[in-house]
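Q: Structure provided below as structure tokens; questions to follow.
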Amino acid sequence: QKYNPDEKLDNPNSRTIEVLRQMLDYYTQTADHWRSLGYRKAIIALRTQPTKISTRAQARALPGIGERLADKIEEIVLTNRLRRLENTNDTPEDRLIQEFLGVYGAGLTQASKWVAQGYKSLYDLLERAPLSKQQRIGVERYSDFAQRIPRKEVEAHGAIVRKAVQIEDRDMRVIISGSYRRGATTCGDIDCLITKPGATLDQIRTTMLGLVVPKLFRCGFLQASLALSSHQDGSKWHGASTIPGTNLWRRIDLLFVPDAEIGAALLYFTGNDIFNRSMRLLARKKGMCLNQKGLFANVLRTQQVKLNAGRLVEGRNERRIFAVLGVPWRPPEHRIC
Ligand code: DCP
Ligand code: MG
Ligand code: MN
């Protein structure tokens, strides 16, 4: 199970939140959106409590927490664990799906398909399954990608990218985001946001994909290209990188951001994902829309469906997005659930 290493330690409910987060991870992986939402709400409610919530009655009094979750919270506090968690992946099939879900790019559909097709192990996949080039890398580098990256090494990868970027264009900036920006001591991958004052997405993408990425391949830093997101006009590149002289492949994400969107992109790419969801939900409640391009007002919706994009209120300034939403500024280290 995935655990969250940057969970705040001074929260009186941090252990309960940690267990609930593991359940959330599980239900997110199995695409159980309804249950995921319940766990998200519970985590959000718990993390703002100044005191420890120990009984089901206390839990029941919190917004968004129903009977069943209240029972679970009491159980976690009493036993320091959740029985359900130990039962979630107890059949060999479940365990295999969990293992296959760790292959880069494989979602629940793919993982279940492999199990249904009779593949019994990662080795089995490698030997017998028809894999795409990216899936093959995901299997071959399974244990590399499963390892957490020490903060210092994240910095080293970022520095190599920055140097290569600035040789092409001195005005371009590289900001390491994701869990690194939140201050985590180890990270799951390296998230680099790449921008330039006054530049458009097209200009940044052209420099990156045309010059910088090929150069980083030639010098032996980049090892593989895994995905170029098709949505948002291909602004995200996924790959793998290695510090020269070492053998471990690390997952690296490059996000190309036009100057006008840098505030919203920083907010998005700093996360964490649950914090992002709660900010977006809040924007919706105020009739606005928050995404990685900006905060938009006058968004018309019927039955949850967005009818227009709305008017851009703020995209450039991260702090102003908080201010417009009426949320006190939260430094990245505090943006965890
Ligand atoms: N993000 C999001 N929703 C997702 C995936 C990502 O909002 N479904 C945002 C928030 C994340 C950021 O993108 O913080 C980077 O995504 P990562 O998957 O790299 O997650 P983190 O960097 O937060 O954690 P890790 O240390 O596991 O990489
Ligand atoms: Mg990350
Ligand atoms: Mn990432």
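The values are calculated or read from the model by the stated rules, or taken from the named source; none is laboratory data. The model shown is predicted, which means the values in this text are computed figures rather than measured ones. Please note: Cβ atoms are built from the backbone with ideal geometry, for glycine as well, and neighbour counts cover all protein chains shown.
Q: Kindly indicate which of LYS120, LYS113 is over 19 Å from the mean Cα position of the chain (by Cα), in a loop (DSSP other than H, G, I, E, B) and either farther than 16 Å from ILE190 by Cα or modelled with pLDDT of 95 or more (or both).
A: The unique qualifying residue is LYS120.
Q: Quick one: in region 176-193, of everything that is of a type in the set (A, V, I, L, M, F, W, C) and more than 18 Å from PHE256 (Cα to Cα), which residue is nearest to ligand 3 (Cβ to nearest atom)?
A: My answer is CYS187.
Q: If you don't mind, another one. Within region 23-42, is even one residue under 28 Å from LEU281 (Cα atoms), modelled with pLDDT of 90 or more and of a type in the set (Phe, Trp, Tyr)?
A: Scanning region 23-42 turns up at least one residue that is under 28 Å from LEU281 (Cα atoms), modelled with pLDDT of 90 or more and of a type in the set (Phe, Trp, Tyr).
Q: I would also like to ask the following. Restricting to region 72-82, name every residue that is without any contact (Cβ under 8 Å) to a residue 40 or more places away in the chain and surrounded by 13 or more Cβ atoms within 10 Å (Cβ to Cβ).
A: GLU74, GLU75
Q: Hey, among the residues in region 8-51 that are of a type in the set (A, V, I, L, M, F, W, C) and surrounded by 21 or more Cβ atoms within 10 Å (Cβ to Cβ), which one's nearest to the chain's Cα centre (by Cα)?
A: Taking the candidates together, the pick is LEU24.
Q: For ARG60, which of the numbered conditions (1) touching a residue at least 12 places away in the same chain (Cβ under 8 Å); (2) surrounded by 12 or more Cβ atoms within 10 Å (Cβ to Cβ) fails to hold?
A: Failing condition for ARG60: (1).
Q: How do the pairs read when you match residues in region 264-292 that are more than 19 Å from TRP329 (Cβ to Cβ) with residues anywhere that are among the β-branched types (Val, Ile, Thr), using Cβ under 6 Å and keeping only pairs 6 or more apart or on different chains?
A: Short answer, once both residue conditions are applied: CYS289/VAL299.
Q: Which numbered condition trips up LEU62, out of (1) assigned to a helix (DSSP H, G or I); (2) under 22 Å from ARG335 (Cβ atoms)?
A: Here LEU62 meets the rest and fails (1).
Q: What are the residues in region 141-150 that are surrounded by fewer than 16 Cβ atoms within 10 Å (Cβ to Cβ) and without any contact (Cβ under 8 Å) to a residue 60 or more places away in the chain, if any?
A: Within region 141-150, SER143, ALA146, PRO150 qualify.
Q: Let me ask another. Among the listed residues ILE97, ILE167, identify the single one that is crowded, with 19+ Cβ neighbours inside 10 Å and either among the basic types (Lys, Arg) or at negative phi (or both).
A: None of the other options fit; the residue is ILE97.
Q: Where in region 264-337 are there strands (runs of 3 or more DSSP E), lying wholly inside it, with at least 1 residues that are buried (at least 16 other Cβ atoms within 10 Å of the Cβ) and among the polar types (S, T, N, Q)?
A: By residue number, 289-291.
Q: Could you count how many residues in region 161-195 are over 20 Å from SER235 (Cα atoms) and more than 10 Å from ligand 1 (Cβ to nearest atom)?
A: So the count comes out to 5.
Q: Among the residues of region 126-134, is any surrounded by fewer than 16 Cβ atoms within 10 Å (Cβ to Cβ), away from ligand 2 (no atom under 16 Å from the Cβ), closer than 27 Å to ASP273 by Cβ and not β-branched (Val, Ile, Thr)?
A: Yes; the residues of region 126-134 include at least one that is surrounded by fewer than 16 Cβ atoms within 10 Å (Cβ to Cβ), away from ligand 2 (no atom under 16 Å from the Cβ), closer than 27 Å to ASP273 by Cβ and not β-branched (Val, Ile, Thr).
Q: Now for a different question. Which of the helices (runs of 4 or more DSSP H) found entirely inside region 163-260 contain at least 2 residues meeting this: in contact with a Pro (Cβ under 9 Å, 6 or more places away or on another chain) and either away from ligand 2 (no atom under 16 Å from the Cβ) or in contact (Cβ under 8 Å) with a residue 60 or more places away in the chain (or both)? Give the derivation first.
A: Details: elements: 178-181, 201-207, 213-218.
Per the criteria, 178-181, 201-207.
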